[in-house]
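Below you'll find the structure, written out as structure tokens, and then a few comments.
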């Protein structure tokens, strides 16, 4: 049995070596391999016995794909801002792909947040119908498992399925249950799930270009800071306004329902239902619909009325008061089913139902939502491109110099790093979220010319006793065989958090094995560099923190760096009218913004001209600046412009549409929607950690 386990472990190590040597397997090769497996009995047996858990989990996510939810945007009452944002993220990039190039890319992560019952999940179902893309709907219960390591693997396999089916939308309802704030009392398993989610949504070595992550939560303030930042756009779904409430009442009562409510009475109901959510109004309407049915069961008199429908009996029995003309003493049992008239829903029924259903959203929760929106805005962070170099990294000169010293110089001048002068064996990048730690690691992957292995906790952890430690050991064995080699571990705090009395023995053994392998007796790590990143360095185990010989603080950018970031993130190929001196004005306005915050400001500014296109009513002809394509294009304009023609976007061919310019007002407006995502308290903790432990070893 032990021999079989060892052989299985060695087989996995060999597969990891092949990946390092040959790179990731292409989709076509995977497809060919799958066909080969189907034609080979031996291979089929290997697949079933090799990793049946992976097959089971992948099949579960295949079953979570929604083809048609039969709900459209037209069925969603109100929520115009949310619908426009989702059209922008999903529909426009498909219809006008030439507008979404370079730095202007569709959002990769959208968070819908707001009080319960405001339509977040319902809106997601409408997206499933409208998007014409693969739509995978999951909840935390689909991903979480009681077995060690299974939850992280489920997150990883979910994204694998999504990447295999681009364009793909992954919807995660109640994401706060999966990705709450990290703290000292949470379990190691919970921490690792968050880490895997971070790695998959914005990790090194993954291509998420065709994947949009859509999530919903009622408690956005409980989300982990780094995960909240990964959602590039955040949309607040508030309680419905008065006109929307009137529309919701009308919609939930149904156009086919027999009622006597007059047009002006819908607005009266809406006024009485202040602070009711859409779900609250749905309950009121359900109660009102049942009240006439209850009256039927206690009715003692009925009268004959004309059947309004051409089918069925000419006359029907309708319940009435004993004193009504034509009233006959009857009970419901004496009336045939097809001769019973549906009793109407009245205004009195609606008012009585309103009294039984109180608003379910508390005032204190609304204050929390307002505070969250004011503090963090409705925008999030950008997902960076995987192919970057040091030249693409703005600022961070100390970090770049340290990494050049640790990675590039030892390869270029190995004779200088002998004896006591050795390159660093462990480097920890730490700092607030969004300052460029993972981005810098991606630049190293491009620059280093060494073997570069990027791993997360799910790659190392297993539910089987002893397998996680073997995974750590196997990782370092592969790295030593392929030296010079860099091992990058993002969000290392999830794998190597502080030891305490409540953690499991398995978690403790993984940390011990990591310590032994990183700087143990009898191992040769001379050609191995361990590079790690974390937003919360104070959460690291003390002994593991000491193993990182160099610690580099990645701070918020200075004003000159912010100006350069604005320029870079807008892109050289973007058509804009911003003057040189205005970049510094933007940088001064963006004090305390991280690089990721600035990236989102630019993304928002890039999309504002596109939004104007969707509402444009007039266009004019202009010459095409590009020699390729049509000689004249349509440019959106004001109705009073010379040569303005009344048109809508639907009437213009994709190749004849002119890209509208980004203006300084677009940039300023985008800045007002995006607040700094790094809290003052977090900056204080980072400063205190740096003062206490410095940026060098122990």
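Read-outs throughout are calculated quantities, based only on the coordinates presented, and are distinct from any laboratory measurement. Remember, predicted model here, so these are calculated numbers, not experimental data. All Cβ positions, glycine included, derive from the backbone under ideal geometry; neighbour counts span all protein chains shown.
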Next item on the list: Can you tell me the relative contact order of the stretch 152-306? Whole percent, Cα pairs under 8 Å, sequence separation 6 or more.
Entry: 22
Next item on the list: Within the stretch 261-287, find all residues whose amide N lies under 18 Å from a label point positioned 7 Å from the Cα of residue 324 along Cα-to-beta-carbon.
Entry: 261
Note to self: Need one number: nm distance between label points at residue 631 and residue 389, each 7 Å from Cα along Cα→Cβ, rounded to one decimal.
What the structure shows: 4.1
Notebook entry, point to check: At a Förster radius of 41 Å, what calculated FRET efficiency corresponds to the Cβ-Cβ distance of residue 692 and residue 209, to the nearest 0.05?
Noted result: 0.50
Checklist line | Inter-part distance where the stretch 397-416 and the stretch 131-182 are each reduced to a Cα centre, Å | finding: 39
Checklist line | For 569, 301, 264, 362, order by how many other beta-carbon atoms lie within 10 Å, fewest first | finding: 264, 362, 301, 569
Next item on the list: Give me the distance in nm between label points sitting 7 Å out from Cα along the Cα-to-Cβ direction at residue 538 and residue 314, one decimal.
Entry: 8.7
Margin query: Could you order the peptides 244-250, 553-559, 649-655 from most to least packed, using the average number of other C-beta atoms within 10 Å per residue?
Written below: 244-250, 553-559, 649-655
Check: What fraction of the DSSP beta bridges in the stretch 390-556 is antiparallel, stated in percent and rounded to the nearest 5?
Finding: 5
Check: So, by mean Cβ neighbours within 10 angstrom, what's the order for 277-283, 132-138 with the highest one leading?
Finding: 277-283, 132-138
Margin query: If I stretch the segment between residue 333 and residue 509 completely, what's the gain in nm (0.36 nm per residue apart, minus their alpha carbon distance), one decimal?
Written below: 56.0 nm
Margin query: At 0.36 nm per residue, and after removing the present C-alpha to C-alpha distance, how many nm does the segment from residue 526 to residue 242 gain when stretched out fully?
Written below: 95.3 nm
Next item on the list: Would you mind calculating the gained length between residue 685 and residue 305 on full extension (0.36 nm times residue separation, minus the Cα-Cα distance), in nm to one decimal?
Entry: 129.1 nm
Note to self: I need the peptides 72-81, 670-679, 323-332 ranked by packing, meaning the mean over residues of other C-beta atoms within 10 angstrom, with the highest value on top.
What the structure shows: 670-679, 72-81, 323-332
Check: Using 1/(1 + (r/R0)^6) with R0 = 56 angstrom and r between the beta carbons of residue 576 and residue 416, what's the FRET efficiency to the nearest 0.05?
Finding: 0.75
Next item on the list: Give the Cα extents of the stretch 390-556 along the principal axes, in whole Å, largest first.
Entry: 43, 37, 26
Item checked: Cα Rg, Dmax (largest Cα-Cα span) when computed across the stretch 242-360, Å -> 16.1, 45
Notebook entry, point to check: Any idea what the relative contact order of the stretch 559-677 is, in percent, if you count C-alpha pairs under 8 Å spaced at least 6 apart?
Noted result: 33
Check: Using the beta-carbon distance between residue 258 and residue 81 and R0 = 45 Å, what value does 1/(1 + (r/R0)^6) give for FRET efficiency, to the nearest 0.05?
Finding: 0.80
